[in-house]
Amino acid sequence: MAVIYQAVYRRASSLISRLHSTYVRKMRYLNELKEDDSLCRQAQASGAFYLFHSLFPFLQKVGQKYVVPQLSAAEMKRLVEKLKETEQWIEKSVLIGCSDEHVPHFALDLGALEKSVIESELKGSFTDLQKALFVVDGKDSSLLASAHSLLRWHDSHQYCSKTGQPTQKNTAGSKRVCPVSGITYYPQMSPVVITLVSDGSRCLLARQPSFPQGMYTALSGFCDMGENVEETVRREVAEEVGLEVESLWYSSSQHWPFPSSCLMIACHALVRAQKAEININRLELEEAHWFGLEEIIEGLKRGPRSSKQDDGTFLPWFPPKQAIAHQLIDEWVKQQTSLTA
């Protein structure tokens, strides 16, 4: 028996080692591309390109699914030549990752070209990012969000904030440099906490006026300068619904490209049931309610279309699976279910 266990252990260790080595090689290759302009230019010739138009990603419908097509450098060259584009389009691309086989992935915004012509040529359409994130698979969703944020950052950081002079992008797009002051600018994300508040048997969800009708989600807010995550959670809950957090714990995180580029830090927070009376900050929220377990389970089954009633009102529904708020709600449901089992 011991021999069998040892053999299984060796095979498992070998597999983990190979996976780890693949990941390490991939990360180091990406780092080389970011730091070495000449190497990155060579990689562009064998890379795969994801297209955007004015920050709208390009999608194709295959059967009932939407996919994010990858164009080779040769296909890109044929496309821009056919569209009579004379600028150095490849210099505008940004590196967004690579495959395990070291095929580099680049994103490129063709906003200067006629959108309808590109769509007709490639048999697809440029789609609003928020809609696109919810119709493609998880891997492509993450890639589109990263590409959108990086392209948007370059578009809004073309000048040095100190000298006012144009900044220059390195080949990979991992930074911009002011040739006059020498200041190097790197893409940044804003930390945001998203918190599911519970009093032990209910969870609190809220909505803003800008939300789709009927949609409720967890509380969220940007971290203030100098705050840690715990302080931000406590402050946001106090500001938005007038409750004091007794304890909190971290769940997970997610990059989110709205409104610009955010790092969503998901947490659960517990408040005292005896002091759980909501006092809404109307400057922040339109509504906030306590929901019981059965209400949450029913709400998770609904979507924006199925929530509308005959009288024109909307039943509560919650963010889709791609959003980290959904994960928080799902975790709460599982916790409550295990307590009542």
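Throughout, read-outs are computed from the coordinates displayed, never taken from laboratory work. Treat the numbers as computed from the prediction; the structure is a model and nothing was measured. Backbone-built Cβ (ideal geometry, glycine too); neighbour counts: all protein chains shown.
Just to check I understand the Karplus step: with θ = phi - 60° and J = 6.51 cos²θ - 1.76 cosθ + 1.60, what whole-Hz values come out for region 107-115, glycine and proline as x?
For region 107-115, the Karplus curve yields 10, 9, 9, 9, x, 7, 9, 5, 4 Hz.
List the lysines whose Cα sits under 20 Å from the Cα of residue 334, skipping any in the same chain fewer than 8 residues away.
301, 321
Normalised by the residues of the chain, what does the relative contact order come to in percent, with Cα pairs under 8 Å and at least six apart? Intermediate values should be presented prior to the final figure.
Numbers: 546 pairs, mean separation 46.2, N = 341.
After rounding, I find 14 percent.
Along the positive direction of the dipole of region 32-156 (beta-carbon charges: Lys, Arg +1; Asp, Glu -1; about the Cα centre), which of 150, 135, 72 reaches farthest?
It is 135, whose Cα lies furthest towards the positive end.
What value does the chain have for Rg/Rh, both radii from Cα atoms and Rh as Kirkwood defines it? Numbers along the way, then the final one.
Values: Rg = 23.8 Å, Rh = 23.1 Å.
The Rg/Rh ratio comes out at 1.03.
With the dipole of the chain worked out from charges on the C-beta (+1 for Lys and Arg, -1 for Asp and Glu) around the Cα centre, which of 312, 122, 285 lies farthest toward the positive end?
122
Residue by residue through region 170-186, what is 3J(HN,Hα) from phi via Karplus (6.51 cos²θ - 1.76 cosθ + 1.60, θ = phi - 60°)? Round to whole Hz and write x for glycine and proline.
Karplus-based 3J(HN,Hα) across region 170-186 equals 6, 4, 6, x, 7, 6, 10, 10, 7, x, 8, 8, x, 5, 9, 10, 10 Hz.
Under the rule of -39500 (n - 2.57) per DSSP H run of 4 or more residues, summed and divided by the residues of the chain, what mean residue ellipticity at 222 nm is obtained, to the nearest 500 deg cm²/dmol? Show your work: numbers first, answer last.
Values: 9 runs with 123 residues, N = 341.
Computed ellipticity for the chain at 222 nm equals -11500 deg cm²/dmol.
Once you keep just the Cα pairs under 8 angstrom separated by 6 or more residues, what percentage relative contact order results for region 32-156?
Details: 169 pairs, mean separation 39.9, N = 125.
Relative contact order, region 32-156: 32 percent.
If amide H atoms are built 1.01 Å from N in the plane of the peptide, which residues on other chains or at least 5 residues away come under 5 Å of the amide H of residue 261?
190
So between residue 247 and residue 23, what do we pick up on full extension, going 0.36 nm a residue minus the alpha carbon distance?
Details: separation 224, 0.36 × 224 = 80.64 nm, distance 3.64 nm.
Difference between extended and current length: 77.0 nm.
How tilted is helix 324-340 with respect to the longest principal axis of the chain? Cα atoms for both, answer in degrees (0 to 90, nearest 10).
The two axes meet at around 40 degrees.
Build a GNM of the chain with springs between Cα atoms under 10 Å: which of 23, 186, 250 gets the top mean-square fluctuation?
Most flexible of the set in this elastic network: 23.
So, in Å, what gap is there between the alpha-carbon centers of region 41-62 and region 268-324?
Using only Cα atoms, the two centres lie 37 Å from each other.
Under the 0.36 nm per residue contour assumption, what length would be gained going from the current alpha-carbon distance of residue 184 and residue 306 to full extension? Could the numbers behind the result be given before it?
On the way: separation 122, 0.36 × 122 = 43.92 nm, distance 4.96 nm.
Full extension from residue 184 to residue 306 adds 39.0 nm.
Once phi is turned into ³J(HN,Hα) by the Karplus curve 6.51 cos²θ - 1.76 cosθ + 1.60 with θ = phi - 60°, what whole-Hz value does each residue of region 250-257 show in order, with x for glycine and proline?
6, 10, 6, 9, 8, 6, 9, x
Between residue 159 and residues 5 or more places away or on another chain, which pairs have amide H atoms under 5 Å apart, with H built 1.01 Å from N, and which residues are they?
Amide H neighbours of residue 159, under 5 Å, 5+ apart: 167.
Just need the relative contact order of region 97-220 here, percent rounded to a whole number, with Cα pairs under 8 Å and 6+ apart. Walk me through the numbers before you get to the answer.
Details: 101 pairs, mean separation 13.8, N = 124.
Relative CO of region 97-220 lands at 11 percent.
Which distance in nm do the two modelled labels at residue 116 and residue 65 give, with both placed 7 Å along the Cα-to-Cβ direction?
Label at residue 116, label at residue 65, 3.2 nm between them.
Taking the Cβ-Cβ separation of residue 35 and residue 313 as r and a Förster radius of 45 Å, what is the calculated FRET efficiency to the nearest 0.05?
On the way: r = 56 Å, r/R0 = 1.25.
Given R0 = 45 Å and the Cβ-Cβ separation, E is 0.20.
Where the only charges are on Cβ atoms (+1 Lys, Arg; -1 Asp, Glu), what is the dipole of the chain about its Cα centre, to the nearest 20 debye? Please list the in-between numbers first.
Working: 37 positive and 40 negative charges, 254 e Å.
Dipole magnitude for the chain comes out near 1220 debye.
Give me the distance between the Cα centres of region 66-89 and region 223-239, rounded to whole Å.
Comparing the Cα centres of region 66-89 and region 223-239, I get a distance of 45 Å.
Of 88, 164, 249, which is farthest towards the positive pole of the chain's charge dipole, taken about the Cα centre with +1 and -1 on the beta-carbons of Lys, Arg and Asp, Glu respectively?
88
Any chance you could give the angle, 0 to 90 degrees and rounded to 10, that helix 73-82 forms with the longest Cα principal axis of the chain?
Roughly 80 degrees between the two axes.
Give me, ordered by chain and number, the residues 5 or more places off residue 175 or on other chains with an amide H under 5 Å from its own placed amide H.
For residue 175, whose amide H was placed from the backbone, the distant partners under 5 Å are 170.
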